[in-house]
Amino acid sequence: SDVHDSTDVFGTPVWSASWQTLNTASATNNSHHCIVGQDNIIYFCDARWVGSIKEASGSTFVPGTASTYVYNNQALDLPSYEIAEWLEELFENLLIGSATTNRIYPWNRTGDSFSLPLECPETRIKKMKNSGNEVYILAGVKGNIYKTQGTYVDLVRKVPEHLINNSATLTASPVTWGGIASMNGSILFGLAGQTSANDGVWRLYPDGRL
(Lines give C-alpha, C1' and ligand atoms only; values in the text may rest on other atoms or scores of the structure.)
Protein backbone atom coordinates (compact mmCIF):
# COMPACT_ATOMS: atom_id res chain seq x y z
CA SER A 1 0.00 0.00 0.00
CA ASP A 2 1.16 3.52 -0.80
CA VAL A 3 0.76 4.92 2.71
CA HIS A 4 4.26 6.26 3.33
CA ASP A 5 6.18 9.26 2.11
CA SER A 6 7.49 8.30 -1.35
CA THR A 7 11.02 9.35 -0.35
CA ASP A 8 11.12 7.24 2.82
CA VAL A 9 9.12 3.99 2.86
CA PHE A 10 10.27 3.33 6.44
CA GLY A 11 9.25 6.75 7.65
CA THR A 12 6.10 8.22 9.12
CA PRO A 13 2.86 7.04 7.43
CA VAL A 14 0.98 9.59 5.37
CA TRP A 15 -2.60 9.67 6.63
CA SER A 16 -5.55 10.21 4.31
CA ALA A 17 -8.80 11.37 5.92
CA SER A 18 -12.37 11.35 4.58
CA TRP A 19 -11.53 9.42 1.41
CA GLN A 20 -14.57 7.14 1.80
CA THR A 21 -17.89 7.08 3.68
CA LEU A 22 -19.00 4.72 6.45
CA ASN A 23 -22.53 3.62 7.31
CA THR A 24 -22.10 4.64 10.94
CA ALA A 25 -23.24 8.19 11.64
CA SER A 26 -20.65 10.63 12.94
CA ALA A 27 -20.16 10.51 16.74
CA THR A 28 -21.85 7.09 17.01
CA ASN A 29 -19.93 4.88 19.42
CA ASN A 30 -19.75 1.74 17.25
CA SER A 31 -16.76 -0.53 16.73
CA HIS A 32 -14.76 -0.23 13.51
CA HIS A 33 -12.47 -3.14 14.25
CA CYS A 34 -10.67 -4.25 11.09
CA ILE A 35 -8.36 -7.04 10.00
CA VAL A 36 -6.28 -7.86 6.95
CA GLY A 37 -7.51 -11.29 5.88
CA GLN A 38 -5.44 -14.16 4.56
CA ASP A 39 -6.84 -13.18 1.17
CA ASN A 40 -5.11 -9.78 1.57
CA ILE A 41 -8.44 -7.94 1.74
CA ILE A 42 -9.18 -5.48 4.56
CA TYR A 43 -12.45 -6.20 6.40
CA PHE A 44 -14.01 -3.80 8.91
CA CYS A 45 -17.03 -3.50 11.21
CA ASP A 46 -19.49 -0.73 10.37
CA ALA A 47 -22.85 -0.76 12.20
CA ARG A 48 -24.77 -3.86 11.01
CA TRP A 49 -22.49 -4.30 8.03
CA VAL A 50 -19.02 -5.65 7.31
CA GLY A 51 -17.12 -3.62 4.76
CA SER A 52 -14.13 -4.48 2.61
CA ILE A 53 -11.26 -2.79 0.81
CA LYS A 54 -9.56 -4.75 -1.95
CA GLU A 55 -6.59 -3.63 -4.00
CA ALA A 56 -7.45 -3.47 -7.70
CA SER A 57 -5.69 -5.99 -9.92
CA GLY A 58 -2.36 -4.65 -11.17
CA SER A 59 -2.54 -1.55 -8.95
CA THR A 60 -0.96 -0.25 -5.78
CA PHE A 61 -3.56 0.96 -3.29
CA VAL A 62 -3.66 4.76 -3.07
CA PRO A 63 -6.58 6.20 -1.02
CA GLY A 64 -6.95 9.25 -3.24
CA THR A 65 -7.08 7.23 -6.47
CA ALA A 66 -10.35 5.29 -6.71
CA SER A 67 -9.17 3.15 -9.62
CA THR A 68 -6.55 1.47 -7.40
CA TYR A 69 -9.01 -0.27 -5.08
CA VAL A 70 -12.52 -1.69 -4.72
CA TYR A 71 -14.35 -0.31 -1.67
CA ASN A 72 -17.58 -1.85 -0.39
CA ASN A 73 -19.01 -0.62 2.91
CA GLN A 74 -21.81 -3.22 2.76
CA ALA A 75 -20.02 -6.39 1.67
CA LEU A 76 -22.11 -8.31 4.23
CA ASP A 77 -25.28 -7.22 6.01
CA LEU A 78 -26.32 -8.62 9.38
CA PRO A 79 -29.90 -8.57 10.74
CA SER A 80 -31.22 -5.07 11.40
CA TYR A 81 -30.93 -5.39 15.19
CA GLU A 82 -27.23 -6.31 15.11
CA ILE A 83 -24.06 -4.23 15.43
CA ALA A 84 -20.77 -5.81 14.33
CA GLU A 85 -18.18 -5.63 17.12
CA TRP A 86 -15.20 -7.87 16.28
CA LEU A 87 -13.76 -9.92 13.40
CA GLU A 88 -11.62 -13.04 13.32
CA GLU A 89 -10.73 -15.73 10.77
CA LEU A 90 -11.39 -19.47 11.10
CA PHE A 91 -10.33 -21.52 8.08
CA GLU A 92 -12.01 -19.90 5.05
CA ASN A 93 -14.66 -18.15 7.12
CA LEU A 94 -14.70 -14.70 8.62
CA LEU A 95 -16.37 -14.68 12.05
CA ILE A 96 -18.33 -11.56 13.01
CA GLY A 97 -19.09 -11.07 16.70
CA SER A 98 -22.19 -9.10 17.69
CA ALA A 99 -22.14 -6.18 20.12
CA THR A 100 -25.86 -6.53 20.85
CA THR A 101 -26.66 -10.26 20.98
CA ASN A 102 -24.91 -13.56 21.76
CA ARG A 103 -24.33 -14.46 18.13
CA ILE A 104 -21.23 -15.01 16.01
CA TYR A 105 -21.89 -14.95 12.26
CA PRO A 106 -19.69 -17.10 9.96
CA TRP A 107 -19.25 -15.71 6.44
CA ASN A 108 -17.33 -17.25 3.56
CA ARG A 109 -16.41 -13.71 2.33
CA THR A 110 -18.07 -14.10 -1.09
CA GLY A 111 -21.66 -15.20 -0.40
CA ASP A 112 -24.64 -12.86 -0.24
CA SER A 113 -25.28 -13.86 3.37
CA PHE A 114 -23.78 -15.61 6.39
CA SER A 115 -24.01 -19.25 7.48
CA LEU A 116 -25.91 -20.52 10.53
CA PRO A 117 -24.83 -18.32 13.47
CA LEU A 118 -22.99 -19.69 16.49
CA GLU A 119 -24.61 -18.85 19.83
CA CYS A 120 -22.56 -17.96 22.89
CA PRO A 121 -24.06 -18.34 26.41
CA GLU A 122 -23.61 -14.59 27.03
CA THR A 123 -24.52 -11.49 25.07
CA ARG A 124 -21.96 -9.05 23.66
CA ILE A 125 -19.05 -10.70 21.86
CA LYS A 126 -16.22 -8.35 22.79
CA LYS A 127 -13.06 -10.03 21.44
CA MET A 128 -12.04 -13.16 19.50
CA LYS A 129 -8.65 -14.70 18.70
CA ASN A 130 -7.67 -17.74 16.63
CA SER A 131 -5.02 -19.98 18.18
CA GLY A 132 -4.40 -23.39 16.63
CA ASN A 133 -7.65 -23.19 14.63
CA GLU A 134 -9.67 -22.71 17.80
CA VAL A 135 -11.18 -19.27 18.29
CA TYR A 136 -11.16 -17.97 21.87
CA ILE A 137 -14.01 -15.64 22.76
CA LEU A 138 -14.23 -12.93 25.42
CA ALA A 139 -17.93 -12.30 25.93
CA GLY A 140 -20.28 -10.76 28.46
CA VAL A 141 -19.23 -9.14 31.73
CA LYS A 142 -18.70 -12.05 34.13
CA GLY A 143 -15.15 -13.09 33.21
CA ASN A 144 -16.11 -16.18 31.19
CA ILE A 145 -13.87 -17.26 28.31
CA TYR A 146 -15.25 -19.48 25.55
CA LYS A 147 -13.89 -21.12 22.41
CA THR A 148 -15.22 -22.56 19.17
CA GLN A 149 -13.94 -24.77 16.37
CA GLY A 150 -16.70 -23.48 14.12
CA THR A 151 -19.67 -25.68 15.04
CA TYR A 152 -20.47 -24.93 18.70
CA VAL A 153 -19.26 -22.76 21.59
CA ASP A 154 -17.73 -24.22 24.77
CA LEU A 155 -16.84 -22.61 28.10
CA VAL A 156 -13.06 -22.78 28.61
CA ARG A 157 -12.46 -20.94 31.86
CA LYS A 158 -13.95 -18.37 34.21
CA VAL A 159 -11.61 -15.83 35.74
CA PRO A 160 -12.12 -16.52 39.48
CA GLU A 161 -14.51 -14.06 41.11
CA HIS A 162 -12.38 -13.84 44.27
CA LEU A 163 -9.53 -12.41 42.18
CA ILE A 164 -11.44 -9.83 40.17
CA ASN A 165 -13.89 -8.80 42.91
CA ASN A 166 -12.44 -9.74 46.29
CA SER A 167 -14.39 -7.04 48.09
CA ALA A 168 -17.46 -9.26 47.62
CA THR A 169 -19.47 -6.28 46.39
CA LEU A 170 -22.36 -7.25 44.15
CA THR A 171 -22.16 -5.60 40.76
CA ALA A 172 -23.92 -6.22 37.45
CA SER A 173 -20.76 -5.89 35.34
CA PRO A 174 -17.68 -7.03 37.29
CA VAL A 175 -15.41 -7.38 34.21
CA THR A 176 -14.37 -5.08 31.38
CA TRP A 177 -12.42 -6.88 28.68
CA GLY A 178 -9.30 -5.36 27.15
CA GLY A 179 -7.26 -6.45 24.15
CA ILE A 180 -6.47 -10.01 23.04
CA ALA A 181 -3.47 -11.68 21.40
CA SER A 182 -1.89 -15.11 21.03
CA MET A 183 1.67 -16.10 21.97
CA ASN A 184 3.28 -19.55 21.85
CA GLY A 185 -0.08 -21.31 21.90
CA SER A 186 -1.47 -19.31 24.81
CA ILE A 187 -3.93 -16.42 24.83
CA LEU A 188 -3.09 -13.03 26.32
CA PHE A 189 -5.98 -10.78 27.27
CA GLY A 190 -6.54 -7.55 29.13
CA LEU A 191 -9.01 -7.41 31.99
CA ALA A 192 -10.25 -4.75 34.39
CA GLY A 193 -12.23 -5.96 37.40
CA GLN A 194 -13.55 -4.49 40.64
CA THR A 195 -10.26 -5.27 42.40
CA SER A 196 -7.83 -2.96 40.63
CA ALA A 197 -4.74 -4.71 42.03
CA ASN A 198 -5.53 -7.66 39.75
CA ASP A 199 -6.23 -5.60 36.64
CA GLY A 200 -3.83 -6.06 33.75
CA VAL A 201 -2.78 -8.62 31.16
CA TRP A 202 -3.64 -12.25 31.92
CA ARG A 203 -2.52 -15.44 30.15
CA LEU A 204 -4.71 -18.46 29.41
CA TYR A 205 -2.85 -21.69 28.58
CA PRO A 206 -4.39 -24.42 26.37
CA ASP A 207 -4.83 -26.68 29.43
CA GLY A 208 -6.99 -24.03 31.13
CA ARG A 209 -4.40 -22.60 33.53
CA LEU A 210 -4.53 -18.84 34.12
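The values are calculated or read from the model by the stated rules, or taken from the named source; none is laboratory data. Nothing here was measured: the structure is a model prediction, and the numbers come from that model. Cβ sites come from the backbone with ideal geometry, for glycine too, and all protein chains shown count toward neighbours. Accessible surface areas use protein heavy atoms only, side chains included; no ligands, DNA or RNA. Shrake-Rupley method; radii C 1.70, N 1.55, O 1.52, S 1.80 Å.
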- request: Just name the residue that is farthest from Pro106 (Cα to Cα) out of those in the range 16-63 that are of a type in the set (D, E, K, R) and in a strand (DSSP E or B).
  value: Glu55
query: Yes or no: Leu87 crowded, with 18+ Cβ neighbours inside 10 Å, in contact with a Leu (Cβ under 9 Å, 6 or more places away or on another chain) and more than 16 Å from Asp154 (Cα to Cα)?
result: yes
query: So which residues in the range 73-100 are within 20 Å of Thr24 (Cα to Cα) and either part of a loop (DSSP other than H, G, I, E, B) or at pLDDT below 95 (or both), if there are any at all?
result: Leu78, Pro79, Ser80, Tyr81, Glu82, Ile83, Ala99, Thr100
query: Within the range 170-182, is there a residue that is open to solvent by 80 Å² or more (accessible area, probe 1.4 Å), over 26 Å from Pro117 (Cα atoms), in contact with a Pro (Cβ under 7 Å, 6 or more places away or on another chain) and not hydroxyl-bearing (Ser, Thr, Tyr)?
result: no
task: Please enumerate the residues belonging to the range 27-38 that are buried (at least 17 other Cβ atoms within 10 Å of the Cβ) and within 15 Å of Leu90 (Cα to Cα).
output: none
query: Given the residues Thr110, Thr123, which is the only one that is closer than 24 Å to Asp39 by Cβ and either out of contact with any Pro (no Cβ under 6 Å at 6 or more places or on another chain) or among the small types (Gly, Ala, Ser) (or both)?
result: Thr110
message: Restricting to the range 183-210, name every residue that is surrounded by 11 or more Cβ atoms within 10 Å (Cβ to Cβ) and either touching a His at 6+ places or on another chain (Cβ under 8 Å) or assigned to a loop (DSSP other than H, G, I, E, B) (or both).
response: Gly193, Gln194, Thr195, Asp199, Tyr205, Pro206, Leu210
message: Considering only the range 167-180, I want to know if a residue exists there that is farther than 17 Å from Glu85 by Cα, in a strand (DSSP E or B), in contact (Cβ under 8 Å) with a residue 24 or more places away in the chain and aliphatic (A, V, I, L, M).
response: no
message: I'd like the full set of residues that are in a loop (DSSP other than H, G, I, E, B), open to solvent by less than 50 Å² (accessible area, probe 1.4 Å) and more than 13 Å from Gln194 (Cα to Cα), limited to the range 140-153.
response: Gly140, Gly150
message: Looking at Val70, Val156, can you tell me which residue is more than 18 Å from Gly37 (Cβ to Cβ), open to solvent by 30 Å² or more (accessible area, probe 1.4 Å), modelled with pLDDT of 95 or more and not in a loop (DSSP other than H, G, I, E, B)?
response: Val156
- prompt: In the range 101-112, which residue that is modelled with pLDDT of 95 or more and open to solvent by 60 Å² or more (accessible area, probe 1.4 Å) is nearest to Gly51 (Cα to Cα)?
  reply: Asn108
- request: Take the range 39-67 and flag every residue that is at pLDDT below 95 and crowded, with 19+ Cβ neighbours inside 10 Å.
  value: Pro63
Output for the range 118-139, where each listed residue is surrounded by 16 or more Cβ atoms within 10 Å (Cβ to Cβ) and in a loop (DSSP other than H, G, I, E, B): Cys120, Glu122, Arg124
